[in-house]
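First the structure, in the form of structure tokens, and then the observations on it.
Computed from the coordinates by the stated procedures, all read-outs in this text should not be read as laboratory data. Fair warning: this is a prediction, and the values are worked out from it, not measured in the lab. Don't worry about glycine lacking a Cβ; one is built from the backbone with ideal geometry, like all the others, and counts go over all protein chains shown.
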Amino acid sequence: MALALQCMGSIAQVCWNISDEDNGIQLRLDGDGGGAEAQARAVPYSDHIEMSGEQMAVVLRWGVTEEGAFREERSLVFPMLRTVPNNTHASLMHRVGVDVPSLISVNGLSLGGENVLDVRINGLVEVASSFTVGTPNIGTGSRNSAKPAIVICREIAPSVDKPLMVEHYTLTNVSQRQLTVYVPEFTQTFTTLPEKGVEGAYVVESSLTGAGTYIVQPGAVVTFGAVFQARREKDEPIQVDVAAELDARRAFVEEMDGSLVLETPDEVINREFRFAKIRASESIFKTSGGYMHAPGGESYYAAIWANDQAEYVNPFFPFTGYWKGNASALNSYLHFARFMNDAYEPIPSSIIAEGKDIWNGAGDRGDAAMIAHGACRYIMARGDIAEAKQLWPLVKWCLEYCNRHLNAEGVVTSDCDELEGRFPAGDANLCTSTLYYDALRSAAMLARELGEGAAVAKNYSQRADRLADAIENYFGADMKGFHTYRYYDGNEKLRSWICMPLIVGLENRADGTIKALTSPALMTDDGLLTEEGSETFWDRSTLYSLRGIYIAGDTETANSFMHHYSTQRLLGSHVPYPIEAWPEGSQRHLSAESGLYCRAIIEGMFGLRPTGLRSFTLSPRMADGWEHMALRRVKAFGADFDIDVTRKGSSLKVAVTNLRTGKTQTRTMKASSTASLAFKL
């Protein structure tokens, strides 16, 4: 299969390096003087990154100019300050472009001649710049060569639990003389129109902390901060300790580093997995309707979707043990459960406005199949019997809904799919039926765990068997010379969502499907096109495909694909997270896609499939040339455990160690085998 990936060339521009100092990445500000390993200078550079906390999100649009100056614009989003009309997109949003260093003066002169020295991303954005005094950046076309007088280091992050973001500034005197530094009193406020807010007028405020006049000796430092917050007009502004807010953000990042740690010989994949954990876990908002994970992207907050949350990211959270993640997952399923009904009318696609309203503008997208698939996998990985019993009625309802929407050929009908009509999906699409199939398989396992009786489990298993045959008969097709699937009846172009049978273990057409996915008809340097002949790509189908190719056992193709994709997202021109789509949304860092990246490793590379509240199977796919890979401190199935995969000649030794009991279980399989190894914790 290696030849199929020839269409994936080198990364268009590698702009970042992996940083060993802080487990992050570092912008390439200068070339290295040539040679075989020459690194191109990434400046001028511009990008955007989203970061979130419980009460706000910020999309930081930033760049480094040709002259070496740092530029930033903060797009602030406050999901719990609702605007009118109170719909999906009704979060208070405001962009602030204030240039904080331009407010500072030294010896009565403005700062200028900025040269960015370092830019790092590590859960925060960190920038170090040198400045001259009284020499402004005026577009000379090259970096200023005057001797710098000060260096300013700024650290940028959202608050973990307040409706604000902070920037912490450390100013160091690098000259040989005493300097007088003036940090001004500064407050900038914007008040919105009262009729535009659900709770009247809102105030968006930018301010500096640490104002004063400082005598700074050579080598000494001054610290100050900037705060960007929003509130109801009647409320007082929050008094902020900027350093404490940054400490809390770092503590969150450290918490993410404390579980589900990937170890492979490929540091690019390891690092992107770490970043994806952060992005998937940070976008959880404390709403009046409980904790809600949200996609983000300056559009989707304080709301949940049957695909992004119920299907994509919720099954990921138990593996991290992150309590807010698990709380948001349970809360989302309970919100959907509110809409179960005896008439089996569709569950809404989205529950919006902190749980107070719904969106169902695209009709039935196969939402019941999405919810059933995700809920079953979440329940088993979570390993909590009380939650399992609480969510089991929702699972049964969704399965029955799908059963009632089978057509004469035995596949599930729906109005569209999760792309909501952007591309045709017919009356019955491959995605919905495969999700229903996987949910049936899981439900059969869950029924036994919950004491539902052998007859219930057998019924779900038999339904799954019939559906597998129906999927083959209805969707199986030779498309453009590939023995694969059509996405719907009448489909004549290859679609990236033909990957779906691979992720649920349907192998009849695996080889042809992998060849189709990795052919020039669908594969690009940025991942998979949604449809052959289009220019549109969505990371979600790319990440499902990666998971599916691993599961199908084509390890070398999957690993080559995974390395290329990870390099593009981690070290390319738009970093450091998986994205939603292009050209729609300008490659927003929607959060659930990062969950899908992690699941491509957990369920794909390691082949982990929940089979019960305390049990799972593993089908590890370790690349040629790798001697060892591991997942450390996995928190699922009510346990805390390590998974180690080690090459032993032509075999793989798989060891699962329960870190609470110290007990290790080992299994051995042929390196080329697709067999599953069962473990019970």
Going by how many other Cβ atoms sit within 10 Å of their own, how do 98, 645, 240 line up, fewest first?
98, 240, 645
Dipole of the chain, positive direction: furthest Cα of 485, 88, 213, with charges on the beta-carbon
485
Could you give the length gained by full extension between residue 664 and residue 617, i.e. 0.36 nm per residue of separation minus their alpha carbon distance, to one decimal place?
15.4 nm
Answer label, with mean projected area of the Cα convex hull in nm² calculated from the coordinates and candidates (i) 31.4; (ii) 48.5; (iii) 27.1
(i)
Taking the Cα centre of the chain as origin, sum charge times position over the Cβ atoms of Lys and Arg (+1) and Asp and Glu (-1), and report the length of that vector in debye to the nearest 20.
1580
In terms of Cα to Cα distance under 18 Å, which lysines are near enough to residue 324, apart from those fewer than 8 places away along the same chain?
162, 277, 286, 635
Taking one equal scatterer on every alpha-carbon of region 258-616, how large is log10 of I(q)/I(0) by Debye at q = 0.12, 0.14 1/Å?
-0.82, -1.17
For residue 655 and residue 233, extending 7 Å from Cα along the Cα-Cβ vector and measuring point to point gives, in nm, a value of 6.6
What would the Debye equation give as log₁₀ I(q)/I(0) for region 617-680 at q = 0.13, 0.22, 0.25, 0.28 Å⁻¹, counting only Cα atoms as equal point scatterers?
-0.33, -0.88, -1.08, -1.26
Per-residue ellipticity at 222 nm for the chain, helices alone: DSSP H runs ≥ 4 residues times -39500 (n - 2.57), over residue total, nearest 500 deg cm²/dmol?
-8500 deg cm²/dmol
Check which residues have an amide H placed less than 5 Å from residue 198's amide H, if you skip close sequence neighbours.
82, 83, 84
Please rank 437, 169, 300, fewest neighbouring Cβ atoms within 10 Å first, as an exposure proxy.
169, 300, 437
Just add up the charged neighbours of residue 378: K/R +1, D/E -1, any other residue whose Cβ is under 11 Å from the Cβ of residue 378.
-1
Placing unit charges on C-beta atoms (Lys and Arg positive, Asp and Glu negative, everything else neutral), compute the dipole magnitude of region 258-616 about its Cα centre in debye, rounded to 20.
1040
List the DSSP H helices in the chain whose Cα atoms stretch 20 Å or more along the helix axis and whose mean Kyte-Doolittle hydropathy is at least -1.0.
242-257, 267-282, 323-337, 367-382, 385-404, 430-449, 454-475, 555-571
Excluding residue 605 itself, calculate the net charge of residues whose Cβ lies under 9 Å from the Cβ of residue 605, where each Lys or Arg counts +1 and each Asp or Glu counts -1.
+1
Region 617-680, dipole about Cα centre (Lys/Arg Cβ +1, Asp/Glu Cβ -1), debye to the nearest 20:
180
Cα-based Rg / Dmax (Å) for region 403-536
15.8, 50
Near residue 670, which lysines are there with a Cα under 22 Å away, not counting those fewer than 8 places off in the same chain?
648, 653, 680
Set Lys and Arg Cβ to +1 and Asp and Glu Cβ to -1, take the dipole of the chain about its Cα centre, and tell me which of 636, 410, 497 lies farthest positive.
636
Assuming a viscosity of 0.890 mPa s and a temperature of 25 °C, what translational diffusion coefficient in µm² per second does Stokes-Einstein assign to region 50-253, Rh being the Kirkwood radius over Cα pairs?
137
Can you bin region 15-117 into rounded, prolate or oblate? Criterion: square roots of the alpha carbon gyration tensor eigenvalues sorted a ≥ b ≥ c, rounded for a/c under 1.5, prolate for a/b above b/c, oblate for the rest.
oblate
Going by how many other Cβ atoms sit within 10 Å of their own, how do 202, 550, 474, 344 line up, fewest first?
344, 474, 202, 550
